[in-house]
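S.K.: Structure provided below as C-alpha cells; questions to follow.
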C-alpha cells in the first residue's frame with residue numbers, strides 16, 4: 001500500500017503571524033531606575049541602550065550588564081540617537097560597550113536651552129572600539145581619555161566641543177573627516193607606534209600649537225587650518241617616522 005502525504009499549506013495570514021510571533025521572541029526591552037531603555041537581543045544574549053526618557057542634568061551610568069527575568073545580559077553598544085538632545089550632564093560608559101553609534105550623545109541647536117543642556121563629562125569603558133558619526137557632537141566636553149581598544153573615530157564625532165588636548169593610543173586606525181572640528185585644541189599627541197589615518201579637516205578650527213605624530217600616522221595637509229599657527233609648517237614634515245612640531249613661547253617653530 002502506498003501512502004501519499006500532502007503538504008500542509010498555511011494561509012499567508014497564518015504564515016506572517018507565525019513569523020511575527022517568532023520575531024517578537026528575539027527582542028525585548030527593559031528600563032532601569034535611570035529611565036534608560038535597553039533592547040535585548042535574545043539570539044545573541046546581548047543588550048544595547050536604545051533610548052532615554054529621564055530628566056535633563058542627570059549623571060548617567062551605563063552598566064556593564066542589565067537583568068531581565070533573573071538573566072544577565074552584557075550591554076555592548078549605545079544605539080543611534082539614544083541620548084540625542086537629552087540634556088544629561090555626564091556619562092560613565094560600562095566596560096562591555098564596544099560601539100557608540102551615530103548621534104548617540106549629540107546635542108543640537110534644537111535642544112531646549114542648547115548651551116546649558118550640553119554633555120560636560122564622559123568616561124569611556126575600556127573596550128570601546130568604535131565611536132561613530134556625530135556621537136558626541138555639539139557638547140561642552142573639555143577633556144576626554146580614549147581607551148586603548150579604540151580603533152575608529154567617526155565623522156564629526158567630537159565636533160563643536162571645548163577640548164584642549166587629545167591623546168591617541170596605538171590601536172587607533174582612523175580619525176574621520178571633521179572628527180574634532182571646531183574645538184579649542186592646542187595639543188595633539190599620538191602614541192609612537194601609532195599607524196593612524198587622519199582624514200580631511202579632522203582637527204580644523206582649533207589653535208593647535210603642539211603635534212606629536214607616531215611612526216605610521218598619515219597626516220593630510222588640510223587636517224588643520226589657518227587658525228593654527230602650525231598650518232603652513234606641515235608640508236615639509238617627513239611622511240613617516242616619529243615627528244614632533246610645536247610653537248615655542250617666543251613664536252618660533254620647532255620641528256624634529
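S.K.: Counting other beta carbons within 10 Å of each Cβ, put 134, 41 in order, fewest first.
M.R.: 41, 134
S.K.: Compute the acute angle (0 to 90°) between the alpha-carbon long axis of helix 12-26 and the principal axis of greatest extent of the alpha-carbon atoms of the chain; round to the nearest 10°.
M.R.: For helix 12-26, the angle is close to 50 degrees.
S.K.: For Rg and Dmax of the Cα atoms in Å, the choices are [x] 23.4, 104; [y] 19.7, 62; [z] 20.2, 67; which was calculated from the structure?
M.R.: Of the listed options [x] 23.4, 104; [y] 19.7, 62; [z] 20.2, 67, [x] comes from this structure.
S.K.: Compute the label zone of residue 67 within region 37-59: residues whose backbone N is under 20 Å from the point 7 Å along Cα-to-Cβ.
M.R.: Output list for this probe position: 37-42, 45-49.
S.K.: With the radius of gyration and the Kirkwood radius both derived from the Cα set of region 163-256, what is their ratio Rg to Rh?
M.R.: Taking Rg over the Kirkwood Rh, I get 0.92.
S.K.: Assuming R0 = 22 Å, what is the FRET efficiency of residue 227 and residue 126, from their Cβ-Cβ distance, to the nearest 0.05?
M.R.: Approximately 0.05, to the nearest 0.05.
S.K.: Place a point 7 Å from Cα of residue 145 in the direction of its Cβ. Which residues in region 73-99 have their backbone N less than 16 Å from it?
M.R.: 91-95
S.K.: Going by average Cβ neighbours within 10 Å, how do the peptides 147-154, 158-165 rank, with the highest at the top?
M.R.: 158-165, 147-154
S.K.: Measure out, as a whole number of angstrom, how far apart the alpha-carbon centroids of region 179-256 and region 93-111 sit.
M.R.: 27
S.K.: Please find, in a Gaussian network model of the chain (springs between Cα atoms separated by less than 10 Å), the residue of 183, 71, 139 whose mean-square fluctuation is greatest.
M.R.: 71
S.K.: Can you give the relative contact order of the chain as a percent, counting alpha carbon pairs under 8 Å and 6+ residues apart?
M.R.: After rounding, I find 9 percent.
S.K.: Now, a different point. Can you pull the three principal axis extents for the Cα set of region 25-128, in Å, largest first?
M.R.: 40, 27, 23
S.K.: Sticking with the crude label model, points 7 Å out along Cα→Cβ, report the distance from residue 252 to residue 46 in nm, one decimal please.
M.R.: Here the modelled spin labels are 5.4 nm apart.
No value in this document is a laboratory result; all are computed from the given coordinates. Here the structure is a predicted model, which means the values were calculated and not measured. Cβ coordinates were reconstructed from backbone atoms using ideal geometry, including for glycine residues, and neighbour counts include every protein chain displayed.
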